[in-house]
There are 2 protein chains.
Amino acid sequence: MSKSVAPVNLAEKLSQFSELWSQKKVAVLNDYEVKLAKLKGEFIWHTHEDTDELFLVLSGRLTIQLRDGDVVLESGELFVVPRGVEHCPVADEETAVLLFEPAGTLNTGDVGGPLTKAVENLD
Amino acid sequence: MSKSVAPVNLAEKLSQFSELWSQKKVAVLNDYEVKLAKLKGEFIWHTHEDTDELFLVLSGRLTIQLRDGDVVLESGELFVVPRGVEHCPVADEETAVLLFEPAGTLNTGDVGGPLTKAVENLD
């Protein structure tokens, strides 16, 4: 079997980085990307005008603050933030998430600024 | 909080059905669907000519047979079958998977036949 047909082990991929709020690409599906990230603390309020954004919590607990209330995700729970909906993720403990969205989606959406980071590939 | 902003709990959704080889939609992201399925036994060889297909194993073990070898996925592992690549899933034990692919993708791809099932919604 060639390397290209090995499965992606999420735990093994998560062990390869410790940086917070930095998205790591682990798979591509058509023009969408599957990414992992470790989150702790509060991000910034931002909006993706052109796409929905999926969060699946793998460990820890993630609160996605919306302007009309919070969505709290435990491990094994997912939520899709609809396009155009302002949101701000916050995690009291270190939380691992799987993200699914179109390639090229910026982590800071329409806001940009110093927290904006390019998606990185994992080996 | 309205019902629409509750997270999707994958274990709770899996507890709502027992049917094998039947895809249950649990979330929508743009024109893509997140689906759950329970698999046991061998499916049929088929191809999706127009889309990649993502399998993430939530419990059990899934073997995705390809014409040039098998990919074995344990819980917490994912694999993307590239478009146009013939494949046949098989699971010795009951296995729960999360699927991600464009809305309208048929479970039997280009082959059709009696195993073809429409995607169902879960409450």
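Laid out as a table, the results:
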{"item": "Evaluated at q = 0.13 Å⁻¹: base-10 log I(q)/I(0), Debye formula over Cα of the protein assembly as shown", "result": "-0.79"}
{"item": "Residue B:25 versus residue B:92: modelled label distance in nm, points set 7 Å from Cα along the beta carbon direction", "result": "3.6 nm"}
{"item": "Cut-off 15 Å between beta-carbons: net charge of the residues surrounding residue B:90, Lys and Arg +1, Asp and Glu -1", "result": "-3"}
{"item": "Leading residue at positive end of dipole, chain A (Cβ point charges), from A:116, A:90, A:46", "result": "A:116"}
{"item": "Neighbour cut-off at most 10 other Cβ (10 Å), DSSP loop, trypsin sites (Lys or Arg not before Pro), the stretch B:4-104", "result": "B:67"}
{"item": "Highest-fluctuation residue, A:15, A:75, A:59 considered, GNM on chain A with Cα pairs under 10 Å", "result": "A:15"}
{"item": "Efficiency of FRET from Cβ geometry, residue B:68 and residue A:49, R₀ 51 Å, rounded to 0.05", "result": "0.75"}
{"item": "The stretch A:24-111 shape via C-alpha gyration tensor axes, a/c threshold 1.5", "result": "oblate"}
{"item": "Flagged links, alpha-carbon separation over 19 Å, of A:25/B:38; A:25/B:40; A:40/B:13; A:40/A:117; A:25/A:117", "result": "A:25/B:38; A:25/B:40; A:40/B:13"}
{"item": "Nearest-20 debye value, chain B charge dipole, Cβ charges on Lys, Arg, Asp, Glu", "result": "440 debye"}
{"item": "Per-residue HN-Hα couplings for the stretch A:30-45 [Karplus 6.51, -1.76, 1.60; θ = phi - 60°; Hz; x = Gly/Pro]", "result": "6, 9, 10, 10, 9, 10, 10, 8, 10, 10, 7, x, 10, 8, 10, 5"}
{"item": "With eigenvalues of the C-alpha gyration tensor scaled by 5 and rooted, the stretch A:81-123, Å", "result": "17, 16, 13"}
{"item": "FRET efficiency, residue A:83 to residue B:111 (Cβ-Cβ, R0 35 Å, nearest 0.05)", "result": "0.50"}
{"item": "Computed FRET value (nearest 0.05) for residue B:6 with residue A:6, which takes r as the C-beta separation and R₀ as 25 Å", "result": "0.10"}
{"item": "Amide N proximity, the stretch A:81-103 versus residue A:42 label position 7 Å along Cα-to-Cβ, cut-off under 11 Å", "result": "A:88-91"}
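Bear in mind that the values in this text are calculations on the coordinates, not laboratory data. Everything numeric in this text was worked out from a predicted model, so none of it was measured. We place every Cβ from the backbone using ideal geometry, glycine too, and count neighbours over all the protein chains shown.
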